[in-house]
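Q: Okay, here's the structure, questions in a sec.
Derivation of every value follows stated rules applied to the coordinates shown; laboratory data play no part. The structure displayed is predicted, hence computed values, not measured ones. Neighbour counts are summed over all protein chains in view; Cβ atoms, including those assigned to glycine, are modelled from backbone coordinates with ideal geometry.
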Amino acid sequence: MTGKWPPTNFPFTVIGNTRTLLYYLVDGIYPRLAFFVAPYPKPSSRKQQVFNRLQEALRKDVERLFAVLTLRFHVFMHPARHANVPSLVLTVQAVVVLHNMETELRRDGYRSSTRGAEAAGEEGGEVGAAAGGVHAGGSAATAAPAAAAAAADAGNGAGGGVAQGDANVDMGVHADAAGGAPGSSGGADHGRGVGAAGSGGGDMLDAVPGAPAPAAHAAEEAPVLEFMRVLMATGRDKDAFEHAALRDDLCEHVLKECSRLLLPYLG
Amino acid sequence: MGLHCILRDYFGVDGLPPVYSTDQFERRSRVPRAVFLRIFNALKDRPFWKQRINATGQLQAHPLRKVVGAFRVLAYGECPDRGDEYVRLSRTTFDKATKLLVEYVADELRPAYLRPPNQNEVERILARNVLRGMPGCLGSLDCSHWEWAGCPKGRAGTFQDGNGKRVIVLEAICDEDLWIYHVFFRGHLGV
């Protein structure tokens, strides 16, 4: 809680409320901090259940992680025999580094790298077919695979541009990522930023003509004493009210297009 | 002997093709061959790893044996004596090789492979999570327990979990590709 992380220059908007504090998904045992989003402990309505379902679907990444790490490096399977904590820490860090080295080589072939593009394709199909109803109607469900296939064939469909853009950035290829700036609803700002990173390679949003100026946080960047900064950051992070408000906003946001968002994780 | 086994099985020796394929090599060493070779090439000329001649004039272990042995300890969770059957190294050499491999990987490769996401990566994560329905999400955080058999008696209370076992709690933050951005430890009770 020193205020240096997470970065505050990536404002995002949920249900009209713009925030600068990015967050992590956690499970229910974590404290109510403003940069955590936990599932509702006792979901009492359908929209809370939907939100919990999606939150758990996304959080399963890290739940998988420990299984993958343990299965790949069986050193975690047995009780550690190390004599002190530093050597334990070193071992884990080494294993994690090895895991990341493999991920770097293999991530382009992962299922997760294509799922986003498919979901975007399904979004397009749904807008055409079922106009974004709350329940996933039969027509949307049947149109979705076709739309996904069409997006995969065309390769530069509306929302698929996001995935392609960041694939380019990932490989360090300064290609025409800006050309693939997406027309999809939520991803417009970030997509433009990705394109800028691919073509300019410089300092993101500020360097791009035509990109929206990040105005929301400009006032807070005045130089303050280190101690005050830490104090302010601590207060900001421990805001339980903000924790609840963020979760409620996200809940509303998820409900609006829950059929599209949950589709990759159902069935 | 140990060197011959490794070369015969995974690299090919005397003009013969290797016994096991690259897939099998990766399945057994648990890392892609490129990663293995990169680490091997970085280590092979270092003081402990390079092949020495001892006081009686005999050649000591080849670096490949030590690297393979150390990887086996990490990959299979073996005790340091177990891989002796294959790579023919003594227990102490195994132990030292594992320790030095871990230190090398953790100290020298960590700045590149275990760090907070930079600006480009944050943008990429956010763009992906917008598509997944969570704008502003930086990843997921969770913890896992690792039992610690070697915990000193005097500190048993610090590391005790709800079941009376000594564990340390490993917390990690990762993204959708399971790329780990941060990992840290705590005792069971401290949050």
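Q: Quote the relative contact order of chain B in percent (integer), defining contacts as alpha-carbon pairs under 8 Å separated by 6+ residues.
A: Working: 223 pairs, mean separation 23.4, N = 191.
Normalised by residue count, the contact order of chain B is 12 percent.
Q: Compute the convex hull volume of the Cα atoms of chain B, divide it by the residue count, and report the result per residue in Å³ as a whole number.
A: On the way: hull volume 35.2 nm³, N = 191.
In chain B, the Cα hull volume divided by residue count equals 184 Å³.
Q: Let me ask you something else. Taking a 25 Å limit on the Cα-Cα distance, which of the listed pairs A:Lys42/B:Lys165; A:Lys4/B:Lys165; B:Lys44/B:Lys96; A:Lys60/B:Lys96; A:Lys4/A:Lys238; B:Lys50/B:Lys99 fall beyond it? Walk me through the numbers before you get to the answer.
A: Numbers: A:Lys42/B:Lys165 30 Å; A:Lys4/B:Lys165 36 Å; B:Lys44/B:Lys96 15 Å; A:Lys60/B:Lys96 37 Å; A:Lys4/A:Lys238 15 Å; B:Lys50/B:Lys99 16 Å.
Pairs exceeding 25 Å: A:Lys42/B:Lys165; A:Lys4/B:Lys165; A:Lys60/B:Lys96.
Q: Specify the residue with the greatest mean-square fluctuation among B:Gly69, B:Gly136, B:Gly154, computed from a Gaussian network of chain B linking alpha-carbon atoms under 10 Å apart.
A: In this elastic network of chain B, the residue with the biggest mean-square fluctuation among B:Gly69, B:Gly136, B:Gly154 is B:Gly154.
Q: In terms of the Cα gyration tensor, with a ≥ b ≥ c the square roots of its eigenvalues, is the range B:2-110 rounded because a/c is under 1.5, prolate because a/b exceeds b/c, or oblate? Write down the numbers at each step before the final one.
A: On the way: a/c = 1.42, a/b = 1.10, b/c = 1.30.
Rounded.
Q: Can you work out ³J(HN,Hα) from phi for every residue in the range B:64-81, in order, using Karplus 6.51 cos²θ - 1.76 cosθ + 1.60 and θ = phi - 60°, giving whole Hz and x for Gly and Pro?
A: Those phi angles translate into 4, 5, 5, 5, 4, x, 5, 5, 5, 5, 6, 6, 9, x, 6, 6, x, 8 Hz.
Q: Using a 10 Å cut-off around each Cβ, can you sort B:Val87, B:Val35 from fewest to most neighbouring Cβ atoms? Each step should come with its number before you reach the end.
A: On the way: B:Val87 24, B:Val35 21.
Listed from fewest to most nearby Cβ atoms, that is B:Val35, B:Val87.
Q: Let me ask something else about it. Rounded to the nearest 500, what is chain B's calculated 222 nm mean residue ellipticity when only DSSP H runs of at least 4 contribute -39500 (n - 2.57) each, over all residues? Display every interim value, and only then the final one.
A: Details: 8 runs with 78 residues, N = 191.
Using -39500 (n - 2.57) per qualifying helix, the result is -12000 deg cm²/dmol.
Q: Specify the residue with the greatest mean-square fluctuation among B:Ala149, B:Ala42, B:Ala97, computed from a Gaussian network of chain B linking alpha-carbon atoms under 10 Å apart.
A: B:Ala149
Q: List the lysines whose Cα sits under 19 Å from the Cα of A:Lys47, skipping any in the same chain fewer than 8 residues away.
A: Once the sequence-local lysines are set aside, what remains near A:Lys47 is A:Lys256.
Q: Could you quote the convex hull projected area for the range B:101-147, Cα atoms only and averaged over all directions, in nm²? Before the final figure, lay out each step's value.
A: Working: hull surface 19.7 nm².
Over every viewing direction, the Cα hull of the range B:101-147 projects on average to 4.9 nm².
Q: Return the single residue from B:Asn129, B:Asn41, B:Asn120 with maximal mean-square fluctuation; model: Gaussian network over chain B, springs between Cα atoms under 10 Å.
A: Its mean-square fluctuation being the largest, the pick is B:Asn120.
Q: Pick out, from B:Asn54, B:Trp179, B:Val31, the residue whose Cα sits farthest towards the positive end of the charge dipole of chain B, with +1 on the Cβ of Lys and Arg and -1 on the Cβ of Asp and Glu.
A: In chain B, that residue is B:Asn54.
Q: Could you work out, for the range B:114-186, what percent of all Cα-Cα pairs fall into each 5 Å distance bin, beginning at 0 Å and stopping at the bin that holds the largest distance?
A: P(r) over the range B:114-186, rounded to whole percents: 3, 15, 20, 16, 11, 11, 8, 9, 6, 1, 0.
Q: Alpha carbon centre of the range A:40-114 versus the range B:16-90: separation in Å?
A: About 27 Å separates the Cα centre of the range A:40-114 from the one of the range B:16-90.
Q: Something else: Can you give the FRET efficiency to the nearest 0.05 for B:Leu16 and A:Tyr265, using r as the Cβ-Cβ distance and R₀ = 60 Å?
A: Working: r = 49 Å, r/R0 = 0.81.
Calculated transfer efficiency: 0.80.
Q: Once you place label points 7 Å from the Cα toward the Cβ at A:Ala67 and B:Ala149, how far apart are they in nm?
A: Result for the modelled spin labels: 2.6 nm.
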